[in-house]
Each structure stands twice: as structure tokens, then as C-alpha cells.
Amino acid sequence: MGRADPEEGQLPAPVKPPDGGWGWIVLFGCFVITGFSYAFPKAVSVYFKELMKDFHVGYSDTAWISSIMLAMLYGTGPVCSIMVNQFGCRPVMLIGGLLASSGMILASFTTNIIELYLTAGVLTGLGMALNFQPSLIMLGTYFDKRRPLANGLAAAGSPVFLSSLSPLGQVLLEKFGWRGGFLIMGGLLLNCCTCGAVMRPLDMGKKRKMEKAQDKYEAKEMLPIGGKSEEGISTTDGTKKAKKAKKKPKKGKKLLDFSIFSNRGFIIYTISKFILVLGLFVPPILLVNYAKDTGVPDTEAAFLLSIIGFIDIFARPACGMVAGLKWVRPHVAYLFSFAMLFNGLTDICSARASNYTGLVIFCVFFGISYGMVGALQFEVLMAIVGSQKFSSAIGLVLLIEAFAVLIGPPSAGRLVDALKNYEVIFYLAGSEVVLSAVFLAMATYCCLNRGKKKEPPPEKNPSAGGGSDTEEAESDVQEAEEHSSDNHQPTHSTDNAVVAASEEANHISEEQSGEGGGCPEGDGAVLARDGCNADQTVERDSF
């Protein structure tokens with residue numbers, strides 16, 4: 001009794017994350033999806049020179065292909081949230097894999113740059129977006145205690161695939177041309193469908209079977225052995241059907257939950273993330289050209305990005321392990337602030353680097369800090385809103401980040417063209433990242449932690465909080481009596497069930513009158529159980 005029935009429009013009881021088992025397969029799928037989503041828009045840049053020759057366009061025209069992919073990845077966040085909430089993660093990911101693959105396959109037959117924008121840009125970008133967001137949602141579903149480590153390992157897919165897809169694209173370009181390369185890349189993206197197929201939802205099937213078996217066992221225990229056992233079981237089933245008939249009509253499911261904006265922690269995180277994205281991607285985008293302007297050869301300048309990627313591969317899982325420590329995880333927001341501060345100071349300190357050695361040192365520290373930020377960003381968001389609202393939260397956050405992506409790097413490029421000075425750009429980008437770190441740390445401490453300390457503890461109300469189980473037991477007794485009177489078949493089994501339920505109600509009321517109606521604390525806005533009424537809830541105001 002008191003169980004939520006998803007068929008009646010109520011939220012089902014959350015299934016405990018296994019923190020392993022099939023979750024490792026889900027983690028590997030998320031690793032692959034993250035790698036394709038972040039690395040693919042950068043990896044297609046190896047084809048740009050051939051596209052410029054065939055279509056007679058400039059570099060800025062071909063660069064729009066990657067920009068459109070990233071814009072679709074970030075800007076379609078709310079659309080992905082709605083589709084996930086409506087259809088589930090696995091169907092959305094299967095459709096996304098087909099769209100991403102078909103976009104690159106169709107791009108291999110295009111005859112102008114506009115068709116490339118629509119196929120490789122819009123279609124492939126939308127397909128990767130429909131894969132990326134559901135994979136993170138499933139990862140949060142399967143992991144709880146090991147979730148920081150899981151996020152770190154999944155985030156490592158980005159540097160691993162970036163270091164793999166770029167050389168592969170160069171080989172395909174030399175052997176098959178850009179059309180053959182696009183065709184093969186489209187085939188590789190079909191692996192997204194495989195990753196989507198392994199995203200098995202944690203449904204309530206096993207739990208329902210266990211509950212049904214337990215109900216039958218309890219009915220047999222209460223009734224005398226013989227032919228009346230089956231009669232008692234049918235009476236129990238009839239009582240459940242009568243309860244379902246009295247429940248409220250099914251409520252419409254929220255496709256996008258805007259109530260998360262009432263969470264102060266989510267607002268602070270969103271503002272901080274917007275400021276962060278304004279400057280986070282600027283240094284790696286301008287690094288190669290900056291090195292060339294200082295006199296570094298082309299091959300050595302391109303190797304700088306490989307250094308960042310190599311360091312990033314190890315930094316993300318390592319940071320995930322640190323974030324999962326018992327004494328660190330409650331303060332993961334401050335660790336995220338430190339990672340952003342580290343990244344911003346690295347940009348500022350390296351702004352005046354004038355030789356290759358200084359740029360290599362910058363790449364090492366930037367790779368560490370960039371990996372820390374990548375490993376912690378979604379872990380902090382999951383800690384704020386919880387797994388139940390994460391699907392809506394990540395969609396809205398990615399949409400807000402899309403505006404920052406469209407503002408930050410293009411503005412930096414225009415400043416470089418106007419000032420002809422990379423030093424100012426590095427100072428500006430580093431200052432924006434430092435500002436986001438300081439804002440997150442100060443707002444978390446002042447607005448959340450202090451406010452939580454000032455709030456008085458909830459008063460204990462035995463009369464109000466201690467009667468939920470008693471009233472529920474008494475309602476079951478009344479429903480059992482009504483059901484037996486409606487059918488005009490008063491049996492010995494029904495009388496036994498009524499007596500047992502009334503004894504249970506009296507036992508519960510005696511225990512709660514002696515102990516008082518305390519309310520256990522919960523995590524997130526979850527209704528308290530075992531002696532708590534619906535008004536006593538605990539809001540998630542901190543990280």
C-alpha cells in the first residue's frame with residue numbers, strides 16, 4: 001500500500017542504481033557517444049581544404065560546417081529533453097544514430113556548400129545531439145556511488161576519439177577522397193545505434209513481480225490452507241482494483257520541467273556555466289595560429305593540440321576518482337570552482353609565452369585543468385537537480401550554453417582581426433573563466449550553505465506526521481469491507497483480511513504514539529516516508 005503506480009499517472013518509485021553490472025556496458029556506450037559528439041565536429045576539419053577546392057569557397061565558409069554541428073548539439077537541448085521524457089532514451093538514441101549516419105552519407109553526394117550545411121551540419125548535428133543527452137541521462141540512472149568516476153570515464157571519450165578520428169580522416173582523405181571519407185564516416189556513426197541499443201532502462205518489471213509474489217504469499221499466510229487460499233488471493237486482487245478505480249484520473253506528463261528554475265543551485269550553476277563557456281574554448285581554437293605567429297613550424301604547432309588531448313585523456317578519469325571520495329563528493333561544487341580557477345589562471349599566465357617551450361608548458365597545465373572541468377561539469381549538475389529532473393535540466397543548460405558558444409569564439413576571432421594581438425585575447429578568456437569560478441564558489445557559500453544554516457529545523461508534529469501509515473491501513477480496511485459488501489459474498493477469507501489489517505493499523509498507531517512522528521531527511525524534493533506527511537519535504541538547495 002502507498003506504492004505509486006506509473007500506469008495511473010503517478011511517478012514510480014525510483015529504482016536503486018546498480019553501480020555496476022550492465023552499467024559498465026552503458027558506460028562504454030556513453031564513452032563512445034561522448035567521443036563522437038565532441039570530437040566529430042573537430043575531426044571533419046581535415047576535409048576543409050579539399051572542400052574549398054571543389055566548391056570554390058573560403059575557409060570561413062567551410063568552418064560553418066563544424067559550427068552548425070556544435071550549434072545543433074547545444075541548441076537542440078530542450079527538444080532532446082522533450083523527446084526523452086516522451087519516448088525514453090533508447091528509441092531517441094536509435095533515431096539519433098540513424099540521423100547522424102544518414103547526414104554524412106548524404107553529404108558525400110552533395111554538389112554545393114549549402115547542401116553540406118543541411119546534411120553534414122544540421123542532420124548529423126541533430127543526430128549526435130539526440131545521442132549525447134540521453135546517454136548522460138542513462139549514465140546517471142545506472143550509477144550513484146560511483147557516478148563521479150563514471151562521468152570522468154565517459155568524458156574521456158572526447159580526447160580519445162579526437163586523437164583517433166583526425167588521423168583516420170586524413171588517411172581516408174588520401175585514399176578515397178573527401179566523398180569516400182564522408183561515406184565511411186557515416187558508416188562509423190552507425191555505431192551510435194549500437195550504443196543506443198544497449199541503453200536498457202531500469203524498469204519496474206522485476207520489482208512488480210516481487211511485489212505480486214509477496215502479496216500472494218501474505219494472502220496465503222493469513223488464510224487457512226485449502227481451497228479458500230485462491231479465494232483470498234482473488235479478494236486481494238479485487239481490493240487492489242477497487243483502489244485503482246478510486247484513484248485520481250491520470251495526469252499529463254511534463255515534457256519539459258521548468259520547475260527546476262526554482263532551484264537556487266541550478267540558477268547559480270547556469271549563470272556560472274554561461275560565463276565559463278564564453279572563454280573556455282577560445283585558447284584551444286586560437287592556439288595553433290598563435291604558435292605560428294610566434295615562429296613555431298606548422299607541424300610542431302599542430303602537435304600542441306595533441307599534447308592537450310593526451311593529458312586530457314588521463315586527467316578526466318583521475319578527476320572523477322578524486323570527486324568520488326567520501327570527503328570530496330559533498331563539496332564537489334568547490335572542486336569544480338577550483339578546476340575553473342586553475343584553467344583561467346593557466347590562460348592568463350601563458351598569455352605572454354613567446355617560445356615553443358612556454359607553449360608546451362601551457363598545453364600540459366591546460367590539458368589538466370580542461371580535463372577536470374570536463375569531468376565535473378555534468379556531475380555537479382546531477383548533484384544539484386537529481387536524476388529525476390536531469391533530463392530537463394541538461395536540455396535547458398545546453399540551450400543557454402549554445403548562446404555562449406555563438407558569442408565567445410567568434411568575438412575572440414574578431415578581436416584578433418582588429419587588434420592583431422593574441423595576448424589580449426588570452427587575458428580576456430582567462431578572466432572570464434576566473435570570474436565564473438569565483439561566482440560559483442561565492443554564490444554556493446553565501447546563497448546556499450549560509451541560507452541552509454539559518455533555516456530552523458522542522459518541528460516534530462506527532463499528531464500530523466504520525467498518522468499517515470495508520471490512516472492508510474484503516475483505509476485498506478474500509479475498502480476491503482466495501483468490496484465484500486458490493487459483491488454480496490462475505491467470505492471467511494475477507495473477514496480474516498479485515499481483522500489482520502485492523503490489527504496492523506492499531507499496532508502502527510500504538511508504535512507512533514509512543515515514538516512520535518519524526519520525519520527522516522531525504523535527498524531532493526522527495527516525499528518523506530514512515531511517519532511524514534506530504535507537507536514535510538526537503539528541497540535540494542545545495543550541491
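The values are calculated or read from the model by the stated rules, or taken from the named source; none is laboratory data. Since the model is a prediction, treat every value here as computed from it, not as a measurement. Because the Cβ atoms are built from the backbone with ideal geometry, glycine has one as well, and the counts that use them run over all protein chains shown. In case anyone asks, the SASA skips ligands and DNA or RNA and just uses the protein heavy atoms, side chains included. Shrake-Rupley method; radii C 1.70, N 1.55, O 1.52, S 1.80 Å.
Brief remarks on what is shown
- Pairs beyond 29 Å (Cα-Cα), from LYS145/LYS389; LYS16/LYS42; LYS42/LYS273; LYS42/LYS175: LYS16/LYS42
- Ranking LEU399, MET382, LEU305 by how far each Cα lies toward the positive end of the dipole of the stretch 263-400 (charges on Cβ) leaves MET382 at the top.
- Accessible-area order (highest first, 1.4 angstrom probe) of the listed residues SER135, SER163: SER163, SER135
- Alpha-carbon centroids, the stretch 252-317 and the stretch 371-407: separation in whole Å: 12
- Kirkwood radius and radius of gyration were both taken over the C-alpha atoms of the stretch 17-202, and their ratio Rg/Rh is 1.00.
- Rolled with a 1.4 Å probe across the full set of protein chains, the surface gives LEU98 an accessible area near 100 Å².
- Pairwise FRET efficiency - LEU168 versus LYS420, Cβ, R0 = 41 Å, nearest 0.05: 0.70
- Sequence of SER259, SER354 when ordered by accessible area, the most exposed leading, probe 1.4 angstrom: SER354, SER259
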